[in-house]
Amino acid sequence: MTEIRDVPSPFCGMGTDDLTIEVNGQNVKVLSNGCAVNTPAFEHPITDIKPRIHGKEVSLDEAVAHAASLLKNTNFPVISGCATDVNGMRGLLALADRTGAVVDNANFNNARKNILALQDSGWMNTTLAEVKNRCDVLVVVGTDLESFAPRFFEKYLWNEAMFLENTSERDIIYLGTKPSGTASTSPSGKAAQVVECATENLPDVIAVLRALVKGQQILATSVAGILVSDLAAIAQKLKEAKYGVITWTAGALNYSHAELTVQTLCEMIKNLNETTRCSGFPLGGKEGDQTANQVCGWTSGYAARVSFAKGYPAYDPFLLDTHTLLENGEADALVWVQAFNANATPPKTSLPTIVVARSGMTFEKEPDVFIPVGTPGIDHTGHAYRLDNVVAIRLKKLRDSNLPSTATVLNAIEQHLREEVVC
Amino acid sequence: MLIKLTGGLVYDPASGVDGKQQDIYIQHGKIINKPIGEFQVDKEYDLKGKVVMSGAIDMHTHIGGGKGNIARMLLPEDHRLDPVAGNHICRSGCGHVAPSTFITGYRYAEMGYTAGFEPAVLPINARQAHMEMGDIPILDKGGYVMLGSDDYLLRMLTAKKDQKAINDYVAWTMNAAKAIGVKVVNPGGINAFKFNQRKLDLDEQNSHYGVTPRDILQVLATAVKEIGISKPLHVHGCNLGVPGNIETTLDTIQGIGGLPMHLTHIQFHSYGTEGDFKFSSGAAQIAEAVNKNKNITIDVGQILFGQTVTASGDNMRQHANNKFASPAKWVTMDIECDSGCGVVPFKYKDQNFVNALQWAIGLETFLLVDDPWRIFLTTDHPNGAPFTSYPHLIRLLMDRTFRNDVLSTLHPEAQKMTTLASIDREYTLQEIAIMTRAGAAKLIGLENRGGLSAGNWADITIYTDNADRQKMFEKPDYVFKDGELVVVDGKVVHTKWGTTHIVKPNFDAGVEKDLRTYFDKYLTMKLDNFKISDDEFTEDGRGHLTTHPLNSVA
């Protein structure tokens, strides 16, 4: 039995790296600093250790060869999920380049809301340590922060900070969704201000808030049930803040064209920076989301939704959605990569399907090939990106499971196809 | 395998060889002396009439790290104009202003470059910089770690820690981030921007720390020297792009008191305020100061006309310039009590007075600095122009007629404000070889690179002499990397992985005591998880590290 300290987590997106974990053979137990997101993800047991072809256990070599044979004559395979570490994504992109595949990151329909705003007008963002040490006013838009990151307040807000005398006096303002618990109440008892509205009304509310920040006159007295005077008070607080931060999870903005809301927030932040400092802080990055976007970004030029079918990378954030390609009958094979979450199963399809995923994934319909792989940060070392896209954490190997890494498997399939081309 | 390169005209400034016909022998990746006695050549290349230089080294190019990836993600429309298909040798990707990593490696190699150095590695983002560079094929790479706006250093200065403590911190950071140099960007200014300061002159205090850019430059330049780093402190000065910043730059040179210092992309820091438009060239004064002060080296950061994207750690200045973004979108970030970044797409126009004069200021600087060992050919890729424009830039330097022809097409008021037309100098092949090879290797402190004598790694570029220098330099006949033929007729024929160049300066292990407390209290990562380990380079079987010697420290 060994106890490992300072373990980084690839699961929560926050890059939390203070977990203490006990390893007993193949069993992993979080001893301290776990949370509702990280603890079950670390403790998920290994069940499958052997690859399968049509449900029958085979060797890794046989599974790799069969996967290569399924991909060999495809015209438009889709590699989806993309939940793995940096080396796994490197292997995935090499395979996509080799097979002319589409690469589609699992949560891109959410990430797209941010990426489209970035690509249209840009933003002024910040990172976790700046929030921790500087943020005096935090506005949480449409998001239940403590269910997204259970330890966010404890770790990053109710602490000692370099530039705030009393962090308990930070202003927390919820706009839209109210918090599910009391994590946002400071140790000294200061509660968050909650200004509620239905999530789908946020576009109107944020538009009014931005207009108020810009000093424009609003004739209406209320918007979506919120008094304009209440929004004016928030605008004033942001203007008076030394270092305001506005945070949201794109996934929670669950309505059409939420990218326009993100854009309005980002433009409002730019407006605020004409006189003071304020930054955006988009939350996300669970299970390798940012890792996939980053590696795809430097390899292809585009964060996600890239087709290599023409021999070069082509980007379309809408048409290259896995579900669209499967439903329209455009794709002719599916590779599902999910090294973090055994419950994130591939979409239903009758196409040849290769699943490279965390041990223990169960299927309604057994895929043609299933290769259980190690989880980065548990079964092998690796790198994962945190939500703010700046910090890559070094993942540790905690146990000897002998499960191959995603990179090993995808590189082997790619190698198989490469040899066939050369021969 | 013994390779012989026969009869080429060798330009090897590192050995003082200036266009002399010489044979070169290569074995086990390195250049060797002609073997003694009987020997068999396995492969011979007839290079009669060809020009032979060592592989070029770009000592300042933004090829790895977060701001580059932001630039990529920001500009899908630029990638779409330059899609690059893969083949059985090369991966696919995109090119132009923010090329993908693989295409970066291929295109550099196809111009005869065999190494590139990322000048702005944020300590907290160093992993990303190395991972991106780890996906750049063929080239060797390395990075200068950025300090000077990090709260830890500023706290040390406020607490009046002694130089020895600062030396330990700098050396520790270089080891942790796997760097070969140290850079400072808008010294303290990125930090001051977080406190809502919008400019920071050389003697202006950070409103929180009371520390000035001059203080920061002094302690960092001293630290770099005292811990034995060959590469002088790499300085992106105050007031980038501000008319009148020539005074700051001259003051920076004087103020450093003879310590080794490299002023990067100095073109952006050489502006006066004369003339009808209150914008003028300070190149002559800068060149005079550089010529006089032997402790100073510079690279130019030449601008060339067309679309590009500016990506900098200097978010204070990038934010100030956001109204010039073209297309109109831009990003800034504050980063981890460490630094920041700003990405602003930009289009330099030859009929714009300011842009045209910036072009002329860069060229004046090149032509007025006497010593090619102390000036380096850069566009600050991609900030002044993408690196793929280097052959064009070389022609501008080597061909006075061509240069003046281009000048005559620019904004007429800019033509009146430059002395360029009166400068006769044309760079020689040897001077180009100094700036882009021997000088760069010497500056960075690369052992066994940048030269063609025995013992050097066989990074070799062979060109066909051509009076059109752009044509000559954009399409080498052959490029060897570590003795392997990687490019023929300007196209990649074989790929391999280069090394990462680093130094490992010594430090007192006690430095971690205060750092650990600081990390635990204020940062969001554990100190031990912050430090980059060697196996992070080697575990995928591609990368490796090359550690270079330190200067002996008195």
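The values are calculated or read from the model by the stated rules, or taken from the named source; none is laboratory data. Since the model is a prediction, treat every value here as computed from it, not as a measurement. Positions of Cβ are backbone-derived with ideal geometry, glycine not excepted, and every protein chain shown enters the neighbour counts.
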### Task
Determine, yes or no, whether A:Ser80 is at pLDDT 95 or above, among the small types (Gly, Ala, Ser) and within 23 Å of the chain's Cα centre (by Cα).
yes
### Query
Can we say B:Ser389 is within 14 Å of chain A (Cβ to nearest Cβ) and polar (S, T, N, Q)?
no
### Query
Which of the residues that make up the range A:246-269 are more than 30 Å from A:Cys82 (Cα to Cα) and either in contact with a helix residue (DSSP H, G or I) (Cβ under 8 Å, 6 or more places away or on another chain) or surrounded by fewer than 21 Cβ atoms within 10 Å (Cβ to Cβ) (or both)?
A:Glu267, A:Met268
### Task
Could you list all residues from the range B:299-345 that are in a strand (DSSP E or B) and among the β-branched types (Val, Ile, Thr)?
B:Thr308, B:Val309, B:Thr310, B:Val331, B:Thr332, B:Ile335, B:Val343, B:Val344
### Query
Does the range B:532-554 hold any residues that are surrounded by 13 or more Cβ atoms within 10 Å (Cβ to Cβ) and at the interface with another protein chain (Cβ under 9 Å from one of its Cβ atoms), and which are they?
B:Ile532, B:Ser533, B:Glu536, B:Glu539, B:Asp540
#### Entry: Of all residues in the range A:112-131 being charged (D, E, K, R) and surrounded by 24 or more Cβ atoms within 10 Å (Cβ to Cβ), the one that is nearest to the other protein chains (Cβ to nearest Cβ)
A:Glu130
### Task
Report whether or not A:Cys135 is within 14 Å of chain B (Cβ to nearest Cβ) and not charged (D, E, K, R).
yes
### Query
Before we move on, is B:Asn239 over 19 Å from B:Asp151 (Cα atoms), crowded, with 20+ Cβ neighbours inside 10 Å and free of Cβ contacts under 8 Å to residues at least 40 places away in the same chain?
no
### Query
Quick check: anything in the range B:216-225 touching a Phe, Trp or Tyr at 6+ places or on another chain (Cβ under 9 Å), in a loop (DSSP other than H, G, I, E, B) and crowded, with 22+ Cβ neighbours inside 10 Å?
no
### Message
So for the range B:139-156 (the condition being part of a helix (DSSP H, G or I), buried (at least 24 other Cβ atoms within 10 Å of the Cβ) and hydroxyl-bearing (Ser, Thr, Tyr)), does at least one residue qualify?
### Response
no
### Task
State all residues of the range A:396-422 that are aliphatic (A, V, I, L, M), facing another protein chain (nearest Cβ under 10 Å) and surrounded by fewer than 24 Cβ atoms within 10 Å (Cβ to Cβ); if no residue qualifies, say none.
A:Val421, A:Val422
### Task
Give just the number: which of (1) surrounded by fewer than 22 Cβ atoms within 10 Å (Cβ to Cβ); (2) among the charged types (D, E, K, R); (3) within 13 Å of another protein chain (Cβ to nearest Cβ) does A:Arg90 not satisfy?
(1)
### Boolean, B:Gln285 is surrounded by 20 or more Cβ atoms within 10 Å (Cβ to Cβ), without any contact (Cβ under 8 Å) to a residue 60 or more places away in the chain and not hydroxyl-bearing (Ser, Thr, Tyr)
no
### Query
Out of all the residues in the range B:482-514, which are farther than 18 Å from B:His88 by Cβ and touching a strand residue (DSSP E or B) at 6+ places or on another chain (Cβ under 8 Å)?
B:Asp482, B:Gly483, B:Gly498, B:Thr499, B:Thr500, B:His501, B:Ile502, B:Val503, B:Lys504
### Query
If you go through the range B:229-245 one residue at a time, do you hit one that is over 18 Å from the mean Cα position of the chain (by Cα), farther than 28 Å from B:Gly66 by Cα, of a type in the set (Val, Ile, Thr) and at pLDDT 95 or above?
no
### Task
Kindly check whether there is at least one residue in the range A:271-289 that is in contact (Cβ under 8 Å) with a residue 40 or more places away in the chain, of a type in the set (S, T, N, Q), touching a Ser or Thr at 6+ places or on another chain (Cβ under 6 Å) and assigned to a helix (DSSP H, G or I).
no
### Query
When residues of the range B:100-122 are filtered for being within 12 Å of chain A (Cβ to nearest Cβ), part of a helix (DSSP H, G or I) and in contact with a strand residue (DSSP E or B) (Cβ under 6 Å, 6 or more places away or on another chain), how many remain?
2
### Message
Report every pair of residues separated by at least 6 positions or lying on different chains whose Cβ atoms are under 9 Å apart, first residue within the range B:23-50 and assigned to a loop (DSSP other than H, G, I, E, B), second at pLDDT below 95.
### Response
B:His28/B:Met1; B:Asp42/B:Met1
### Query
Assuming B:Gly241 fulfils every condition listed in (1) within 14 Å of another protein chain (Cβ to nearest Cβ); (2) closer than 25 Å to B:Thr378 by Cα; (3) of a type outside the set (Phe, Trp, Tyr) apart from one, which condition is it?
(1)
### Task
Scan the range B:350-371 and give yes if some residue there is under 20 Å from B:Asp424 (Cα atoms), away from chain A (no Cβ under 13 Å), polar (S, T, N, Q) and over 16 Å from the mean Cα position of the chain (by Cα), otherwise no.
yes
### Query
Do you know which residues across the range B:76-99 are at the interface with chain A (Cβ under 8 Å from one of its Cβ atoms), part of a loop (DSSP other than H, G, I, E, B) and at pLDDT 95 or above?
B:Ala85, B:Gly86, B:Arg91, B:Ser92, B:Ala98, B:Pro99
### Task
May I ask you to list the residues in the range B:407-421 that are surrounded by 21 or more Cβ atoms within 10 Å (Cβ to Cβ) and part of a helix (DSSP H, G or I)?
B:Ala414, B:Leu420
### Message
Tell me yes or no: at least one residue of the range B:510-522 is part of a loop (DSSP other than H, G, I, E, B), at pLDDT 95 or above and more than 14 Å from chain A (Cβ to nearest Cβ).
### Response
yes
### Query
in contact with a Phe, Trp or Tyr (Cβ under 7 Å, 6 or more places away or on another chain), over 24 Å from B:Arg374 (Cα atoms) and surrounded by 24 or more Cβ atoms within 10 Å (Cβ to Cβ) - does that describe any residue in the range B:445-462?
yes
### Query
If B:Arg72 satisfies every condition in (1) in contact (Cβ under 8 Å) with a residue 40 or more places away in the chain; (2) under 22 Å from B:Ile335 (Cα atoms); (3) within 14 Å of another protein chain (Cβ to nearest Cβ); (4) in contact with a strand residue (DSSP E or B) (Cβ under 9 Å, 6 or more places away or on another chain) but one, which is the exception?
(1)
#### Entry: Residues (outside any helix (DSSP H, G or I), farther than 24 Å from B:Ile444 by Cβ and within 14 Å of another protein chain (Cβ to nearest Cβ)) located in the range B:160-196
B:Phe195, B:Asn196
### Count of the range A:355-370 residues which are farther than 10 Å from A:Ile53 by Cβ, touching a residue at least 40 places away in the same chain (Cβ under 8 Å) and part of a strand (DSSP E or B)
3
